[in-house]
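Encoded as structure tokens, the structure appears first; notes follow it.
Read-outs throughout are calculated quantities, based only on the coordinates presented, and are distinct from any laboratory measurement. In this text, all values refer to a predicted model and were calculated from it rather than measured experimentally. Here the Cβ is made from the backbone with ideal geometry for all residues, glycine too, and neighbour counts use every protein chain on show.
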Amino acid sequence: MQAGNWPISREMQEYAVRFDKARQRRLLIVPALFDEGNKMRRLTVQLMRTLDRGGVDTILPDLPGMNESLASLAEQTLENWRAAIAAAEHAFAATHTLTIRGGALCKPDGPATRYAPLPGPTQLRDLLRARAIADREAGYSTTRDQLLTAGRAEGLLLAGYQIGPEMIRQLEAADIDFRDDDIRQRDIGGVGLWLRAEPSGDAAQAETLAQIVLERLR
């Protein structure tokens with residue numbers, strides 16, 4: 001496994017994890033977003049290791065503002081993230097792309113394999129629900145509508161992520177058209193790891209997902 005920065009532009013670098021042996025098939029993975037990305041990071045790396053054994057190079061870039069990125073998350077928009085993914089596809093000469101959960105929002109156009117794609121409104125609803133529960137446990141009474149109104153104007157701290165107002169508004173409007181070839185959790189088996197309380201991996205799910213992806217790459 002290799003890890004290090006890559007030049008997203010002349011002014012900015014971002015971090016990426018890779019299994020890169022300059023092979024013919026090169027898969028860029030767009031990670032799940034926000035807290036789901038954290039919960040599914042281990043599964044994603046397990047998937048990459050399995051695909052490496054199957055003869056596929058894999059690249060997992062950080063989105064600007066996420067993980068090791070020095071960029072401000074509060075300043076990010078879906079357009080920024082889409083541009084970052086397009087730049088990563090070019091920089092790493094990706095032949096294929098896999099999106100995970102909300103990562104599908106960063107690749108709205110062009111061919112991509114999608115694992116359990118998550119619409120923006122659903123992503124936002126889940127984040128708002130978690131914030132409302134946390135507020136209630138802290139003794140504050142806030143509703144989803146109150147949080148959403150504040151978020152549209154000023155941004156919000158959701159699940160530990162400071163999300164700017166433009167991103168809030170974009171997530172609210174970023175729907176997804178589901179496709180017959182989307183990989184669904186029932187195709188993998190077990191419970192989606194984004195539903196677990198803590199980050200975790202699952203070797204069996206990673207193996208099954210890898211086999212489906214390998215079949216798509218043939």
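Quick check on the chain: helices-only [θ] at 222 nm, where DSSP H runs of length 4 and up contribute -39,500 (n - 2.57) each and the sum goes over total residues. Nearest 500, please. Don't jump to the answer; show the numbers that get you there.
Numbers: 8 runs with 90 residues, N = 218.
Result for the chain, helices only: -12500 deg cm²/dmol.
Counted without the sites themselves, the longest stretch of the chain free of chymotrypsin sites (Phe, Trp or Tyr not before Pro) in a DSSP loop having at most 14 other beta carbon atoms within 10 Å is 1-139.
Sparsely packed loop sites in the range 14-52 (the trypsin sites (Lys or Arg not before Pro) outside DSSP H, G, I, E and B with at most 14 other Cβ atoms within 10 Å) comprise Lys21, Arg23. Taking 0.36 nm per residue of separation and subtracting the current Cα-Cα distance, fully stretching the chain between Glu154 and Arg42 would add 37.1 nm.
Sites listed here are GluC sites (Glu not before Pro) in the range 29-111 whose DSSP assignment is loop and whose Cβ has at most 13 other Cβ atoms within 10 Å: Glu68.
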